[in-house]
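Read through the structure below, which is laid out as structure tokens, and then see the notes.
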Amino acid sequence: MVANIISGKEIAKSIREEIKVKVDELKEKGITPGLAVVLVGEDPASQVYVRAKGKACDKLGIYSETTTLPAETGEDELLKLIEKLNADEKIHGILVQLPLPKHINETKVLMAIDPDKDVDGFHPVNVGRMLVGDECFLPCTPHGVQELLIRSGNDPEGKHVVVVGRSNIVGKPVAGILMQKKDGANATVTIAHSRTKNLTELTKCADIIVAAIGKPEFIKADMVKEGVVIIDVGVNQVGETPEGKRILKGDVDFEGVKEKASAITPVPGGVGPMTITMLMQNTVKSAQQKLGGA
Ligand code: GUN
């Protein structure tokens, strides 16, 4: 079997068209959705992501402002900025790019964001709402994974999904979302991680594998069954071209695994474009909620 390539780029494009319609509707009612992005420090990968978020906003007509703070910024200063953004009427979504420098307490910062503006879905209140199945902002990458599955014709309903990786940003929430008793979910979910024994025994019986381990080409063809669906969340820089462009590899050995899988996402062009798209969707949703509640 040779896999269908699931184009996150194409799926993201069609979702962005849907979002643009909603932005235009809001503007007609006098509301421009607004996103504030905060970056602390000079991590090159974070700089790339933050720039891409601003650009995506511009394309959709969403207002955005990016605050870049030096790496040595104190926690208090960052908390004050969040307080200001919480009170800012123009801003419907606040995103603090992770990871933060070591001297800043990440949990404290995420908890300072108004849960109604938490378009990343990282505030413990939203994490809790997600897990119990209440209405909330879903975290962007896990929500993007779910949309990729649904829109590529691989509904997770009744399927055995093996999530490899247990981070708060991807592994845990993707499992939480796909196990819900809801349309587009209803999966049987197993979470594996770096301490899992006999990982291959688990991955071999997966109908769907979500790879979010952060190790380049970790999942090999001999670890998966024929016909598996692969969503590769990994973004690992393995080098640079002579022109200085980043060479990226996923967590899955794409060339080997695509011979066995029924569908697979590439890196880049798979999950990546979906993350930003779901962020745009959450920002618009927040603006709609404000309109509804005003
Ligand atoms: N760092 C890596 N992924 C993300 C994300 O989705 N949101 C934020 N805020 N930081 C990240």
Quiz item: In this structure, is M179 within 18 Å of the chain's Cα centre (by Cα), more than 23 Å from R16 (Cα to Cα) and at pLDDT 95 or above?
Solution: yes
Practice problem: Working only within the stretch 61-97, note down all residues that are within 15 Å of the ligand (Cβ to nearest atom) and in a helix (DSSP H, G or I). | Solution: L78, L81, I82, L85
Quiz item: Do we find that N236 is of a type outside the set (V, I, T), touching a Leu at 6+ places or on another chain (Cβ under 7 Å) and within 16 Å of the ligand (Cβ to nearest atom) in this structure?
Solution: yes
Self-check item: Lone qualifier among A221, A192, A212, A263 - being among the hydrophobic types (A, V, I, L, M, F, W, C) and more than 20 Å from V174 (Cα to Cα)
Solution: A221
Exercise. Sort out which residues of the stretch 30-47 are part of a helix (DSSP H, G or I), in contact (Cβ under 8 Å) with a residue 24 or more places away in the chain and not hydroxyl-bearing (S, T, Y), and write them in order of number.
Key: A45
Quiz item: Which of the residues belonging to the stretch 190-213 are surrounded by 21 or more Cβ atoms within 10 Å (Cβ to Cβ) and either within 16 Å of the ligand (Cβ to nearest atom) or not in a loop (DSSP other than H, G, I, E, B) (or both)?
Solution: A192, T203, I208, I209, V210, A211, A212, I213
Exercise. Take the residues in the stretch 1-29 that are in a loop (DSSP other than H, G, I, E, B) and more than 19 Å from G292 (Cα to Cα), then tell me which one is farthest from the chain's Cα centre (by Cα).
Key: M1
Self-check item: Matching entry among K20, K117, K27 (being crowded, with 18+ Cβ neighbours inside 10 Å and touching a residue at least 24 places away in the same chain (Cβ under 8 Å))
Solution: K117
Self-check item: Test: residue in the stretch 189-209 that is closer than 27 Å to L35 by Cβ and either touching a residue at least 24 places away in the same chain (Cβ under 8 Å) or touching a Phe, Trp or Tyr at 6+ places or on another chain (Cβ under 6 Å) (or both)
Solution: no
Exercise. Check the stretch 142-151 and report whether any residue there is within 12 Å of the ligand (Cβ to nearest atom), part of a loop (DSSP other than H, G, I, E, B), within 22 Å of M280 (Cα to Cα) and among the small types (G, A, S).
Key: no
Quiz item: So A87 fits all but one of (1) farther than 20 Å from D114 by Cα; (2) of a type in the set (G, A, S); (3) more than 17 Å from the chain's Cα centre (by Cα); what number is the exception?
Solution: (1)
Self-check item: Flag if G244 is part of a loop (DSSP other than H, G, I, E, B) and more than 17 Å from V271 (Cα to Cα)
Solution: yes
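The values are calculated or read from the model by the stated rules, or taken from the named source; none is laboratory data. What you see is a predicted model, and the numbers here were worked out from it, not measured in a lab. Backbone-built Cβ (ideal geometry, glycine too); neighbour counts: all protein chains shown.
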